[in-house]
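Right, one structure below, let's go through it.
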Amino acid sequence: MDITVLIILVGVVIAGAVLLVIVGLRDRDDRDDPLQERLSEFVSRGEMASLEEIEMSQSLVDRVFLPMARRFGELALRFTPQNALEDTARKIELAGSPRGMEPTIFWAGRFGAAVTIAVFLFFIFSVGSIQWSWGRKIMVVGVFTLLGFYVPSLLLNSRIRRRQDDVRKALPDALDLLTICVEAGLGFDGAMAKVNEKWENELSLSFGRVLREIQLGKLRREALRDMADRIDISEMTSFVAAIVQSEQLGVSMSRVLHIQADQMRIRRRQAAEEKAQQAPIKMLIPMGLLIFPSLLIILLGPAAVQLLTSAMADIF
């Protein structure tokens with residue numbers, strides 16, 4: 001087995017691990033408990049079934065793989081510092097808790113990917129005919145194991161940034177709708193309910209959670225502040241601070257919303273201009289590595305061929 005086959009096999013394993021993590025981070029259509037969903041389905045159809053039959057009607061992932069991941073994650077948590085667990089729980093919350101992910105499942109995925117890649121590489125080195133020293137083999141195994149361990153964390157951070165960008169882009173339009181609803185006579189809670197009803201994005205889901213928390217007895221200002229902490233962007237923090245201050249001081253809510261909408265729109269335009277200013281710098285890398293070498297080959301290639309076939313080639 002040569003080095004090319006080894007690279008292909010390692011790439012397939014890493015791609016599979018990344019695919020599993022992406023599937024794990026993907027949003028589900030329903031965020032409810034799958035067992036509760038099945039139970040509600042049987043009740044709505046009027047069928048009598050035992051708990052075992054309801055549980056067996058779930059998918060293989062919900063019945064087998066998720067419990068195994070939780071068990072493995074609980075074992076991994078024993079060797080994980082408390083600060084790392086708290087940081088993981090915070091990041092999962094910032095990511096919107098995709099698929100109801102828990103710190104146990106996330107750490108199980110990290111250790112599982114690392115162990116799988118390490119075992120696979122040791123197996124390849126044992127049965128293959130690669131003439132490497134053991135020091136080089138251990139170095140390759142260590143590099144790819146660390147890569148498998150940190151890929152889930154990188155994907156989670158990417159999801160956090162994507163969610164924050166989605167909220168940042170949707171906030172000005174949502175504030176416009178809030179302003180229209182408040183000026184039409186609705187209260188602020190009713191305006192948030194309209195945003196949650198009309199749209200289907202991260203911001204509307206956050207408003208829906210705030211409304212549910214208010215219905216369960218939490219104060220509005222506390223629910224809004226918790227929402228700002230779960231999103232963790234400066235625009236949302238300033239918006240919540242303005243709403244809470246308006247409620248405490250008795251300022252017109254529609255006026256505050258109108259001012260906030262204008263400010264958010266200005267910030268969104270400034271962010272777009274900042275990204276436009278960064279575009280030429282980011283384009284230098286692909287231009288320098290891909291475009292310029294191709295142009296040099298196209299432009300200077302014929303001249304080099306003519307030079308080699310001319311009489312000057314005999315001189316050199």
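Values for this structure:
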item	result
Whichever residue in segment 185-195 is surrounded by fewer than 20 Cβ atoms within 10 Å (Cβ to Cβ) and of a type in the set (Gly, Ala, Ser) and, among such residues, is farthest from Glu247 (Cα to Cα)	Ala193
Number of positions in segment 224-254 that are in a loop (DSSP other than H, G, I, E, B) and either of a type outside the set (Gly, Ala, Ser) or touching a residue at least 12 places away in the same chain (Cβ under 8 Å) (or both)	3
Among the residues listed as Lys198, Lys169, the single one being exposed (fewer than 14 other Cβ atoms within 10 Å of the Cβ), within 30 Å of Glu247 (Cβ to Cβ) and not acidic (Asp, Glu)	Lys198
Any hit, segment 301-315, residues being more than 30 Å from Arg221 (Cβ to Cβ), among the charged types (D, E, K, R), modelled with pLDDT under 85 and out of contact with any strand residue (DSSP E or B) (no Cβ under 8 Å at 6 or more places or on another chain)	yes
Condition check for Lys169: assigned to a helix (DSSP H, G or I) and at pLDDT 90 or above	no
Residues (modelled with pLDDT of 75 or more, surrounded by 21 or more Cβ atoms within 10 Å (Cβ to Cβ) and part of a helix (DSSP H, G or I)) located in segment 63-102	Thr88, Ile92
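Residue-wise test of (1) assigned by TED's automatic domain parsing to the domain that holds Ala114; (2) more than 30 Å from Thr104 (Cβ to Cβ); (3) more than 22 Å from the chain's Cα centre (by Cα).
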site	(1), (2), (3)
Asn157	no, no, no
Asp176	no, yes, yes
Leu186	no, yes, yes
Ala191	no, yes, yes
Glu197	no, yes, yes
Gly208	no, no, no
Glu213	no, no, yes
Asp226	no, no, no
Ile231	no, no, no
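The values are calculated or read from the model by the stated rules, or taken from the named source; none is laboratory data. Please read all numbers here as calculations on a predicted model, not as lab measurements. Note that each Cβ is placed from the backbone with ideal geometry, even for glycine, and that neighbours are counted across all protein chains shown.
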